[in-house]
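Here the structure is laid out as structure tokens; the discussion comes afterwards.
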Amino acid sequence: MRPPCRLLYLLRMDSAKFTRSQQIRCECCSQSTPSYDIVNFGAMESGYRQLCSECFNMEVAKLDGLEGFEHTKFEPVGFPDCTREVHEFQFRIKLFGTGVALDAFELSDGQPAGYEFQIIDLLVLLGD
């Protein structure tokens, strides 16, 4: 008899097990960043820069006059499905004009693939 299916629980993963992604250097902070966490930011007239999501969020916050915005980083986690196969999720936060998006996604060959989820909080900019 199969054990009952649990919808969700957190499993701490050994970071060495996560798929490695191509690294790109952020043109703002110079940190080496996984390619899936790079944003091409700019305009056709002035050109584009490759920014990590943290620098991108700081640029958007500055342009929108959002003082005190804090970029949060999440460690990758593993979630087993009903068959106990573990799905490893990375996280990415992006600030945009009306809110904040939190993406959770699996990697395959260093790129987002498989399960992907997104939560958009449109009220976050209204404050507490």
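The values are calculated or read from the model by the stated rules, or taken from the named source; none is laboratory data. Bear in mind the structure is a predicted one, so any value in this text is a computation, not a measurement. Because the Cβ atoms are built from the backbone with ideal geometry, glycine has one as well, and the counts that use them run over all protein chains shown. These area figures cover heavy atoms from the full protein model, side chains too; ligands, DNA and RNA do not enter into them. Shrake-Rupley method; radii C 1.70, N 1.55, O 1.52, S 1.80 Å.
What strands (runs of 3 or more DSSP E), lying completely within segment 43-128, carry at least 1 residues that are farther than 28 Å from Arg25 by Cβ and open to solvent by 70 Å² or more (accessible area, probe 1.4 Å)? Please lay out each step first, then the result.
Details: elements: 47-52, 77-80, 86-96, 99-108, 111-121.
Answer list for segment 43-128: 111-121.
If I filter segment 31-42 for residues that are part of a loop (DSSP other than H, G, I, E, B), farther than 25 Å from Phe105 by Cβ and open to solvent by 30 Å² or more (accessible area, probe 1.4 Å), do I get at least one hit?
Start the filter on segment 31-42 by keeping residues that are part of a loop (DSSP other than H, G, I, E, B), which leaves 31.
So of that shortlist, the ones also farther than 25 Å from Phe105 by Cβ come out as none.
Scanning segment 31-42, I find no residue that is part of a loop (DSSP other than H, G, I, E, B), farther than 25 Å from Phe105 by Cβ and open to solvent by 30 Å² or more (accessible area, probe 1.4 Å), so the answer is no.
Sort through Gly110, Gly47, Gly68 and tell me the only one that's at positive phi and in contact with a Ser or Thr (Cβ under 6 Å, 6 or more places away or on another chain). Step through it out loud before you land on a result.
Numbers: Gly47 fails: in contact with a Ser or Thr (Cβ under 6 Å, 6 or more places away or on another chain); Gly68 fails: in contact with a Ser or Thr (Cβ under 6 Å, 6 or more places away or on another chain).
On inspection, the qualifying residue turns out to be Gly110.
Give the number of residues within segment 52-82 that are of a type in the set (Val, Ile, Thr) and in contact (Cβ under 8 Å) with a residue 40 or more places away in the chain. Walk me through how you get there before you give the answer.
As a first pass, look at segment 52-82 and keep what is of a type in the set (Val, Ile, Thr): 60, 72, 77.
Of the ones still in play, those that are also in contact (Cβ under 8 Å) with a residue 40 or more places away in the chain are 77.
Residues in segment 52-82 being of a type in the set (Val, Ile, Thr) and in contact (Cβ under 8 Å) with a residue 40 or more places away in the chain: 1 in total.
Could you say whether any residue in segment 97-104 is under 12 Å from the mean Cα position of the chain (by Cα) and of a type outside the set (A, V, I, L, M)? Spell out the reasoning first.
First, pick out the residues of segment 97-104 that are under 12 Å from the mean Cα position of the chain (by Cα): 100-104.
With of a type outside the set (A, V, I, L, M) added as a condition, the list becomes 103.
Yes, segment 97-104 has at least one match.
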